[in-house]
1. Among Ile451, Ile496, Ile482, which is at pLDDT 75 or above and open to solvent by 70 Å² or more (accessible area, probe 1.4 Å)?
2. Which residue is modelled with the lowest pLDDT, if the candidates are limited to region 198-229 and must be charged (D, E, K, R) and open to solvent by less than 20 Å² (accessible area, probe 1.4 Å)?
3. Kindly indicate whether any position in region 107-115 is hydrophobic (A, V, I, L, M, F, W, C), more than 20 Å from Val205 (Cβ to Cβ) and open to solvent by 10 Å² or more (accessible area, probe 1.4 Å).
4. Step by step: first the residues of region 171-196, then only those that are in contact (Cβ under 8 Å) with a residue 40 or more places away in the chain, open to solvent by 10 Å² or more (accessible area, probe 1.4 Å) and of a type outside the set (A, V, I, L, M), then the one that is farthest from Trp62 (Cα to Cα). Which residue is that?
5. Quick test for you: out of Ala454, Ala445, Ala459, pick the one residue that is over 14 Å from Ala329 (Cβ atoms) and either out of contact with any Lys or Arg (no Cβ under 8 Å at 6 or more places or on another chain) or assigned by the TED database to the domain that holds Leu330 (or both).
6. Considering only residues that are within 22 Å of Arg101 (Cβ to Cβ) and not in a helix (DSSP H, G or I), which ones fall in region 40-57?
7. Could you please give the count of residues in region 401-419 that are in a helix (DSSP H, G or I) and touching a residue at least 24 places away in the same chain (Cβ under 8 Å)?
8. In the list Thr404, Thr397, which residue meets the criterion of being within 25 Å of the chain's Cα centre (by Cα) and open to solvent by 10 Å² or more (accessible area, probe 1.4 Å)?
Amino acid sequence: MYASREDIGYDFGDDSKVGSKPIKPNPNIDGGWAWMIVLSSFLVHILIMGSQMALGILNMEWLEEFNQSRGLTAWVSSLSMGITLIVGPFIGLFISMCGCRTTAIIGGILNALGWILSAYASNVHYLFLTFGVTAGIGSGMVYLPAVVMVGQYFQNRRALAQGLSTTGTGFGAFLMTALLKYLCTEFGWRNAMFIQGAISLNLCVCGALMRPLSPKELREKYVVRNDSEENQAKALSHSTETIKSNGVLGEETEKKEEAANEEVLGSVQHIETGGKSGSGRSMYGLRLFKTVSQLTVTVRKGFALWYSSYFGAASLFTNRVFVAFVIWALFAYSSFVIPFIHLPEIVKQYNLSRQDNVFPLTSIIAIVHIFGKVILGIISDLPCISTWNVFLMANFTLVTCILTLPLMQTYIGLAVVCALIGFSSGYFSLMPVVTEDLVGTKHLANAYGIIICANGISALFGPPFAGWIYDITQKYDFSFYIAGLLYMVGIIFLLIQPCIQKKQSREKSTEEAQV
């Protein structure tokens with residue numbers, strides 16, 4: 001059904017033209033430093049996504065401390081999760097201009113600051129600003145680079161690499177749930193947040209490990225990709241031809257801008273060389289002017305790439321399957337987040353706290369989630385298996401579990417459903433792979449930024465919506481039913497659009513053959 005972006009009739013044309021001369025593969029692609037990138041991304045997922053999955057512990061503390069409604073209190077966790085993902089498109093701009101390493105280090109500092117300031121909260125609204133906004137933006141500035149860097153360093157083992165790195169979410173949910181529960185019991189929730197802020201400074205170390213690939217190394221990766229795709233289908237739809245005729249980024253304009261930029265920098269270099277006999281003050285001014293000029297060129301090129309991805313002739317939104325993917329993301333993520341936020345409260349309602357204290361249901365989801373990501377990643381990398389089909393099957397399993405969960409009122413029943421939720425939600429490791437297949441490596445940062453932005457909107461409104469439904473009905477059942485139905489709508493979009501695209505491509509090929 002789906003194998004690559006060629007199969008759905010869309011190509012940004014970002015792969016380099018390769019001659020017949022063989023090029024030795026770079027040892028850092030699919031190996032070498034690439035595994036350090038996986039380790040860095042793994043730790044980022046533990047510290048960011050794992051911590052957010054454990055916020056149900058703090059949510060109960062906030063309910064008791066501030067005595068506010070469940071719907072209002074849930075906004076704290078939702079803002080943090082949602083903003084982490086919603087800022088994705090803007091973080092893509094930062095990455096285009098500053099690179100992944102600088103963006104991640106700044107984000108690590110912001111995230112730690114948000115946790116520490118939240119320890120002094122006097123009300124829920126204070127937490128909206130410090131934990132929801134500040135920590136959320138910081139998390140987004142680290143999370144997106146962690147995903148993008150893995151995509152840049154891997155070609156043949158992308159699904160496995162993403163699966164291994166994103167297992168940090170499961171490990172983190174398990175570890176952070178236990179850690180926050182212990183810290184809240186021993187030191188209180190305020191000191192727990194302060195300690196967690198200090199731990200979050202390790203995100204800066206993770207960012208420092210994100211060594212960027214040189215342009216030469218990126219070209220070598222494209223060579224590997226082109227060689228691996230030579231035997232794939234060559235038929236492209238009308239949308240592809242339109243995009244190529246308009247140009248990837250307006251290639252002529254881009255070349256003119258590069259020539260102008262080089263001319264500016266060249267003139268600065270000439271002035272600097274000719275002015276060596278001048279005073280020290282004038283030389284300092286020339287060097288400052290050169291630095292500012294180089295920075296301006298970098299910012300202009302980064303903004304041009306970011307702008308063209310969203311609004312240019314080769315906008316990501318001209319890819320209909322990608323648009324369907326975005327619509328799916330708007331409904332999907334809340335179905336995964338709602339159980340993490342509200343399961344501790346559901347367990348308390350069903351009088352299952354004794355069993356849950358022995359082995360929390362959220363920990364079951366987290367542990368099985370680890371195996372789900374690795375196993376689904378290994379399966380998707382098999383040559384005879386379609387990543388897209390694995391992705392869809394996992395989605396169907398997850399939505400079934402969400403609709404089934406309210407029917408379970410025993411610990412064993414809830415544990416089985418939570419285990420299935422954990423395994424099927426392992427498809428998160430496939431999202432960057434599917435996105436890269438749709439748009440290519442060059443546009444991965446901006447495209448995945450849009451996807452996680454849609455996920456962020458879903459996460460932002462999901463838990464408060466569930467809390468609001470509970471405040472009205474005094475039950476969580478309807479929250480899961482409505483979330484599951486909306487999730488099913490998103491899956492239907494994923495099923496329909498590629499079929500329509502393929503049908504249009506076949507009809508066009510038939511018409512051309514008849515002519």
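The values are calculated or read from the model by the stated rules, or taken from the named source; none is laboratory data. Quick caveat, the model's predicted, so the values are computed rather than measured. Cβ coordinates were reconstructed from backbone atoms using ideal geometry, including for glycine residues, and neighbour counts include every protein chain displayed. When the accessible area is computed, the model is the full protein with side chains, heavy atoms only, and any ligands, DNA or RNA have been set aside. Shrake-Rupley method; radii C 1.70, N 1.55, O 1.52, S 1.80 Å.
1. Details: Ile451 fails: open to solvent by 70 Å² or more (accessible area, probe 1.4 Å); Ile482 fails: open to solvent by 70 Å² or more (accessible area, probe 1.4 Å).
Exactly one residue qualifies, and that residue is Ile496.
2. Start the filter on region 198-229 by keeping residues that are charged (D, E, K, R), which leaves 211, 216-217, 219-221, 225, 227, 229.
From the residues that got through so far, the ones that are open to solvent by less than 20 Å² (accessible area, probe 1.4 Å) too are 221, 225.
Details: Lys221: 55, Arg225: 49.
Top of the filtered list is Arg225.
3. Taking region 107-115 first, the residues hydrophobic (A, V, I, L, M, F, W, C) are 109-110, 112-113, 115.
When the remaining residues are screened for being more than 20 Å from Val205 (Cβ to Cβ), the result is none.
No, region 107-115 contains no residue that is hydrophobic (A, V, I, L, M, F, W, C), more than 20 Å from Val205 (Cβ to Cβ) and open to solvent by 10 Å² or more (accessible area, probe 1.4 Å).
4. Here the residue is Phe171.
5. Working: Ala454 fails: over 14 Å from Ala329 (Cβ atoms); Ala459 fails: over 14 Å from Ala329 (Cβ atoms).
Every option except Ala445 fails the conditions.
6. Across region 40-57, there are no qualifying residues.
7. Within region 401-419, the first condition is being in a helix (DSSP H, G or I), and the residues that meet it are 401-407, 411-419.
Add one more test, that the residue is touching a residue at least 24 places away in the same chain (Cβ under 8 Å), and what stays is 402-403, 405-406, 411, 414-415, 418-419.
So the count comes out to 9.
8. Numbers: Thr404 fails: within 25 Å of the chain's Cα centre (by Cα).
The conditions single out Thr397.
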